[in-house]
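Q: Okay, here's the structure, questions in a sec.
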Amino acid sequence: MLDTQASESTTEMTQAKISARNVQVFYGDNHAIKDVNVDIEDKTVTAFIGPSGCGKSTFLRCLNRMNDTIDIARVEGEITLDGEDIYDPKVDPVQLRAKVGMVFQKPNPFPKSIYDNIAYGPRIHGLARSRAELDEIVENSLRRGAIWDEVKDRLHAPGTGLSGGQQQRLCIARAIATEPEVLLMDEPCSALDPIATAQVEELIDELRKNFSVVIVTHSMQQAARVSQKTAFFHLGNLVEYGETGQIFTNPRDSRTESYITGRIG
Amino acid sequence: MSMGDTPRKGSLLEPDARTRRRNAAEARFHLYGLVAVCLGILALIVLLSSILSNGLSSFRQAYVTLEVSLPEDRLDKSGVRDPEVLAKVSTFGYAPLIRDAVGAEMERLGIQIEGLNEKDAGGIISNNAPARLRDHVLANSDLIGGTVTMTFLANGRIDGYFKGRVTMESAERDKNVSPEQLQLADALKEAGTLTRPFNWAFITAGDASENRAEASGLGVAILGSLYMMIVVLVLALPIGVAASIYLEEFAPKNRITDLIEVNISNLAAVPSIVFGILGLAIFINFAGLPQSAPIVGGLVLTLMTLPTIIISTRASLKAVPPSIRDAALGVGASKMQAVLHHVLPLAAPGILTGTIIGLAQALGETAPLLLIGMVAFVAEYPAAPPEGFFDPASALPVQIYNWTQRADPAFVERASGAIIVLLVFLVSMNALAIFLRRKFERRW
């Protein structure tokens, strides 16, 4: 039985969209991420769970090099996207972020119109050759972001005028407008009410058909609802990574069990 | 009585000693604040009322309209209207014509004043008048032989009489003006020959010398200040904004940038006269730029304004939430695009406000300009830009300083009038800054 599991994990490795090997992150002298190895699969929702300060958001931000914007952050180890090292000196983080989109904890639409919010990414990447094409991209993105029906009559109203849940779906639509291959979500529902959360979760499930989605969440219920794979982080270590069902019903590590049963965290 | 009852600690309706003391302290503090505010307002009222009471009168000026005959035998004996020959008649040749015109006007109105000779009667017109008449005749030589109706400034003392600066009693003791001249002025005013319209010349004319105080104006100073502000805006805004963006968004946070930051803050506190010495040494003595020129003044004021603009720009860049930068970077914008497309537009109102306040500061700055020679007497307008940047010019605050140094009492009034003009500019610039800040306040 152990053998079959081992062979399963090797086949998974070859299919991995993103694969991290021996990743260390330092904030100055603080060793925030310790020796993380993980393979994230295509067309799968992977959830990162763990108590506050465990490094799950830090690790997520390594995946599209958003940590580059923090002066004191230093990343070691290897992270590959489709086999290419994303920390290679030849890689332009701008190109990487076009492939690996990101949605943040707090909805952060640009203080511009809804249309311009979506159109900004395609514009700077030159994805549309004409106004009509851009209109089409905007409509498609808003549809895929499950917000088209709510905003189609006011595309030129400011994006900041929407409700929190709508803003977050707008941000998701904005992230998918650039046609990324992976979508990173950093606690996308923590600022939303339960109804808006349900809508976003439904959307995440929908997005899985086209993207690989990585979601950081505080809520174990949310991880259980939306993800197929779950990684449990604790104090900078990746404690356990596996099928969501297995993590929640039959954790192998005692720390995972303590966390999901509410004894730590 | 059950044993669970808590003992009562006095009545709520009766404040205890400690509460009373605390309330008294609060009331005292309230009072101190009120007194401080009142003192501030009082100082402002005294300042404004003294300036307004001294200076408002400079916006009206006595003018006399005369019909001047231009006899050919005095101005052009040859009769060929050769401009070179015409120019040979100096202003002294024109002064008698004005005197005659005053005499003729008195005759026409039937004014008879005992003890007033012809020379004194002509003296109620400004010393500026012959020169104006001469310029007019030289430009229109066909007028010679006929008459021309022109409006001349009245002498400064006559103007002062209508403003209360000169009285019949003071005129008795004043050798510059006699009571008879004042009577004549009264009579002419009655007849409508002497009028006191709004004094546009005060805003448009150049400076004038001691003995023609009534002809002096702020035109050259306003133009000089405007040219300097253009230089400051064109240099300080782009340099300041570029420096701030680099320091705030791109520069690594290390010892060197910390040092630069500290120095910029210190630069803002350097006394302005030091910048004047710097300007004198570098721009005039070393670079060889002309003295008294707006370009030099503008360069010196740019150095002074830069720290203000940099500090306010950095503050407004800092105030843009990092989530906006994350959002832009997250969709694959480069750092530069994130700053130019998203951060800078959001910071623009703050930058604009800081710039306007910096400009207002520069507009009122006097000390450095004294050192680079802008204190000179300048009666000629500088040319249109760009040549005008290198012509001698004055500046508003320096003009005020200049006028307070002069002996003629008419300049006291004009200095206060100039302060009013300067204050109007400053207040409207600050109002614009406030308006812009309100209009574009945080939109996220």
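Q: Within segment A:124-139, how many residues are under 23 Å from the mean Cα position of the chain (by Cα) and outside any helix (DSSP H, G or I)?
A: Going through segment A:124-139, the residues under 23 Å from the mean Cα position of the chain (by Cα) turn out to be A:124-125, A:127, A:137-139.
So of that shortlist, the ones also outside any helix (DSSP H, G or I) come out as A:127.
Result for segment A:124-139: 1.
Q: Among the residues of segment A:125-145, write down those that are within 14 Å of another protein chain (Cβ to nearest Cβ) and open to solvent by 40 Å² or more (accessible area, probe 1.4 Å).
A: A:HIS125, A:GLY126, A:LEU127
Q: Restricting attention to segment A:158-190, report how many residues are within 11 Å of another protein chain (Cβ to nearest Cβ), touching a strand residue (DSSP E or B) at 6+ places or on another chain (Cβ under 7 Å) and not hydrophobic (A, V, I, L, M, F, W, C).
A: Within segment A:158-190, residues that are within 11 Å of another protein chain (Cβ to nearest Cβ), touching a strand residue (DSSP E or B) at 6+ places or on another chain (Cβ under 7 Å) and not hydrophobic (A, V, I, L, M, F, W, C) number 5.
Q: Scan B:GLN337, B:GLN361 and give me the residue that is within 14 Å of chain A (Cβ to nearest Cβ) and under 30 Å from B:LYS439 (Cα atoms).
A: B:GLN337
Q: Given the residues A:GLY101, A:GLY121, which is the only one that is facing chain B (nearest Cβ under 9 Å), assigned to a helix (DSSP H, G or I) and either at positive phi or under 21 Å from the mean Cα position of the chain (by Cα) (or both)?
A: Answer to the selection: A:GLY121.
Q: Take the residues of segment A:140-154 that are under 26 Å from the mean Cα position of the chain (by Cα) and outside any helix (DSSP H, G or I): which is nearest to A:ALA177 (Cα to Cα)?
A: Filtering segment A:140-154 for residues under 26 Å from the mean Cα position of the chain (by Cα) gives A:140-151.
Now drop any that are not outside any helix (DSSP H, G or I), which leaves A:145-147.
Values: A:GLY145: 9, A:ALA146: 13, A:ILE147: 13 Å.
Across segment A:140-154, the extreme among qualifying residues is A:GLY145.
Q: Here is a further query. B:PHE435: assigned to a helix (DSSP H, G or I), out of contact with any Ser or Thr (no Cβ under 7 Å at 6 or more places or on another chain) and without any contact (Cβ under 8 Å) to a residue 40 or more places away in the chain, yes or no?
A: Considered against the rule, which asks whether it is assigned to a helix (DSSP H, G or I), out of contact with any Ser or Thr (no Cβ under 7 Å at 6 or more places or on another chain) and without any contact (Cβ under 8 Å) to a residue 40 or more places away in the chain, B:PHE435 comes out as yes.
Q: Is one or more of the residues making up segment B:66-87 of a type in the set (Lys, Arg), out of contact with any Gly (no Cβ under 9 Å at 6 or more places or on another chain), modelled with pLDDT under 85 and not in a helix (DSSP H, G or I)? Reasoning before the result, please.
A: From segment B:66-87, those of a type in the set (Lys, Arg) are B:74, B:77, B:81; that's our starting set.
Keeping just the survivors that are out of contact with any Gly (no Cβ under 9 Å at 6 or more places or on another chain) gives B:77, B:81.
Now restrict to residues that are modelled with pLDDT under 85: B:77, B:81.
Then keep just the ones that are not in a helix (DSSP H, G or I); that gives B:77, B:81.
Taking every residue of segment B:66-87 in turn, at least one turns out to be of a type in the set (Lys, Arg), out of contact with any Gly (no Cβ under 9 Å at 6 or more places or on another chain), modelled with pLDDT under 85 and not in a helix (DSSP H, G or I).
Q: Next question, about the same structure. What are the residue pairs meeting all of these: first residue in segment B:33-53, first residue at negative phi, second residue in a helix (DSSP H, G or I) and open to solvent by less than 90 Å² (accessible area, probe 1.4 Å), Cβ atoms under 6 Å, and 6 or more apart or on different chains?
A: Qualifying pairs under 6 Å: B:ILE51/B:SER416; B:ILE51/B:ILE419.
Q: If you go through segment A:203-231 one residue at a time, how many are part of a helix (DSSP H, G or I), farther than 20 Å from A:GLY245 by Cβ and either free of Cβ contacts under 8 Å to residues at least 24 places away in the same chain or out of contact with any strand residue (DSSP E or B) (no Cβ under 7 Å at 6 or more places or on another chain) (or both)?
A: Of the residues in segment A:203-231, 2 are part of a helix (DSSP H, G or I), farther than 20 Å from A:GLY245 by Cβ and either free of Cβ contacts under 8 Å to residues at least 24 places away in the same chain or out of contact with any strand residue (DSSP E or B) (no Cβ under 7 Å at 6 or more places or on another chain) (or both).
Q: Look through segment A:38-81, keep the residues that are assigned to a strand (DSSP E or B) and small (Gly, Ala, Ser), and return whichever of them is nearest to the other protein chains (Cβ to nearest Cβ).
A: Checked segment A:38-81; the qualifying residue nearest to the other protein chains (Cβ to nearest Cβ) is A:ALA73.
The values are calculated or read from the model by the stated rules, or taken from the named source; none is laboratory data. What you see is a predicted model, and the numbers here were worked out from it, not measured in a lab. Using ideal geometry, Cβ is built from the backbone for each residue, glycine included, and neighbour counts are taken over all protein chains shown. Ligands, DNA and RNA are excluded from the accessible area calculation, which covers all protein heavy atoms including side chains. Shrake-Rupley method; radii C 1.70, N 1.55, O 1.52, S 1.80 Å.
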